[in-house]
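This report concerns only the one structure given below.
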Amino acid sequence: MRIIVAAFEETLELGLQKPGQVVPMIPTFVFGWPTGQESGDYLALDLGGTNLRVCLVTLSGEGKFELTQTKYRLTEEQKQEDGSKLFDFCADCVAGFIRAHIGDKDGSIKEGQELALGFTFSYPCTQDRIDQGTLIRWTKGFGAPNVEGRDVAELFRNAMAKHHLPVTLTAIINDTTGALIASHYVNPRTKIGVIFGTGCNAAYMEKVEKIEKINHLNLLDEDPEAEIAINCEWGAFDSFVHQHLPRTKYDQIVDESSNKPGEQAFEKLIAGRYLGEIMRLVICDLIDEGVLFLGQNTYKIEIPYSFDTAFLSLMESDPTDELLTIIGLFTFFFGLETTLAERQFFRALSRLIGRRAARLSACGIAAIVSKKGYLDEGCAVAADGSLYSKYPGFADRVHEGLVDIFGVKGKNIVTHHAEDGSGVGSAIIAAMTKKRRDEQKFMKC
Ligand code: BGC
């Protein structure tokens, strides 16, 4: 793990020095921390790996807020069909949400009220300004054509233009940056934001003087102390070269059969999108060897991605001696009978996969901690995503990993559940940006 951390740290450094690196270390143009006094009404649009969400966030300062939201499930087709349709869907949802809430009984949106919108678009985008973002590549199984290499802010604005609504897109935000800022708004000890969900990634605050690749923007002339949140896009660590992370043959199959072979090498060992698939591939291998489910019809479990990562959590938390949850899971979803010994094996296997994911996650966090020198004073790490919030013991295993890397001082680094970054974080960032613009600071960004 220490060897991985050292390589990780070097990679992060390189991403800050030069543009176009595998781990792109994207400056987000979110300048510094929120004051906690940000206030007002904001819209937030959140295009995640699984859902689309529209929120109205009312910030009332002193780290307080209220939020109203509507969630829409994204279908697999929507992730693959032309990008213009995806952005039309986003715009339709925002328009529908506004219409539903204009002058409603709480009077949440007033007729004609101008609203700033923060768009949480959680895919790697390079940014020249905060209200622009060029998609480097889709991740998390998305493949919608005609979006990679294009400015997603422009695509969204074009789609919104059809609705003639008084909404201004103020910022393109990553979910990790949102988690970092929202959590710092309520707990200023927060120094790192991480997402362990369908995908995985982290953000932290960096001194502009350390980001060599943006020297040409001369930001230090305006403020020599300036800091910018960095969206690391660490899921790409070790992509293509596969030099630093130990991979099994199952990891290689997950990679090669994905829509993006070679890419997101770190993410494919950790994120919720892939853990169930790793488990399924091990099971299928044992079926091929004739060790499991002899004489039973196994076609259902042979369907790629049919084994949800949530099943791993369920198997790990089965409280019964007979492992009744596991019996139910295999009969209900796959029509398969299991013996007690098999169920114990499946449970052990899910522990192994979940524990590896958590320990590798600890390596990523440790790389940032070590780079920033946070170990002695300690820091809080705001974490979110289904794996972090729903997988039993994930957080404990991350903490255990940090102690294995740093020794007892690793206890100074504590993860906690992040505030809603993609909703509240996005609103705070919209508010911070508006204030910065009003004060005429870093106007080109
Ligand atoms: C994306 C990141 C995102 C992470 C967590 C990754 O696949 O590239 O932008 O932060 O998933 O949602």
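Each Lys and Arg adds +1 at its Cβ and each Asp and Glu adds -1 at its Cβ; summed about the Cα centre, the chain shows a dipole of about 220 debye. The convex hull drawn around the Cα atoms of the stretch 306-370, when projected onto a plane and averaged over every direction, covers 5.1 nm². Remark: C-alpha extents of the stretch 55-106 on the principal axes read 42, 25, 16 Å, sorted largest to smallest. Rg over Rh for the stretch 309-432 works out to 1.10, both radii taken from alpha-carbon positions and Rh defined as the Kirkwood radius.
Put simply, the Cα atoms of the stretch 83-143 extend 42, 25, 17 Å along their principal axes, the longest span coming first. Residues considered: 172, 98, 253. Largest GNM mean-square fluctuation over the chain, using C-alpha springs under 10 Å, is found at 253. Taken over the stretch 1-143, the ratio of Cα radius of gyration to 2.2 N^0.38 Å equals 1.28. Here r is the Cβ-Cβ distance between residue 13 and residue 150 and R0 is 41 Å; the resulting FRET efficiency, rounded to 0.05, is 0.90. Kirkwood radius for the stretch 177-322, taken over all pairs of different Cα atoms as the inverse mean of 1/r, rounds to 18.6 Å. Pairs spanning more than 30 Å between alpha-carbon atoms, out of 140/390; 371/441; 162/390: 162/390. Centre-to-centre separation between the Cα atoms of the stretch 174-192 and those of the stretch 216-268: 20 Å. When the Gaussian network model of the chain links Cα atoms closer than 10 Å, the mean-square fluctuations of 357, 427, 203 top out at 357. Per residue, the chain reaches -12500 deg cm²/dmol at 222 nm when only DSSP H runs of four or more residues are counted, each adding -39500 (n - 2.57). Once the C-beta distance of residue 288 and residue 111 is scaled by a Förster radius of 51 Å, the resulting FRET efficiency is 0.20 to the nearest 0.05.
Solvent-accessible surface of the chain, taken per residue with a 1.4 Å probe and all protein chains present: 41 Å². For the chain, the share of accessible area belonging to carbon and sulfur comes to 51 percent (1.4 Å probe, ligands and nucleic acids excluded). Comparing 294, 352, 312 in a Gaussian network model of the chain where C-alpha atoms under 10 Å apart are linked, the largest mean-square fluctuation is found at 294. Computed from the C-beta positions of residue 443 and residue 84 and an R0 of 30 Å, the FRET efficiency is 0.45 to the nearest 0.05. Sites counted here are trypsin sites (Lys or Arg not before Pro) in a DSSP loop (not H, G, I, E or B) having no more than 10 other Cβ atoms within 10 Å; the longest part of the chain that contains none of them is 106-443. Over all directions, the projected convex hull of the C-alpha atoms in the chain averages 22.1 nm² in area.
The values are calculated or read from the model by the stated rules, or taken from the named source; none is laboratory data. Please read all numbers here as calculations on a predicted model, not as lab measurements. Counting neighbours? That spans all protein chains shown, and the Cβs are built from the backbone with ideal geometry, glycine included. The area values use the complete protein model at the heavy-atom level, side chains included, leaving out ligands, DNA and RNA. Shrake-Rupley method; radii C 1.70, N 1.55, O 1.52, S 1.80 Å.
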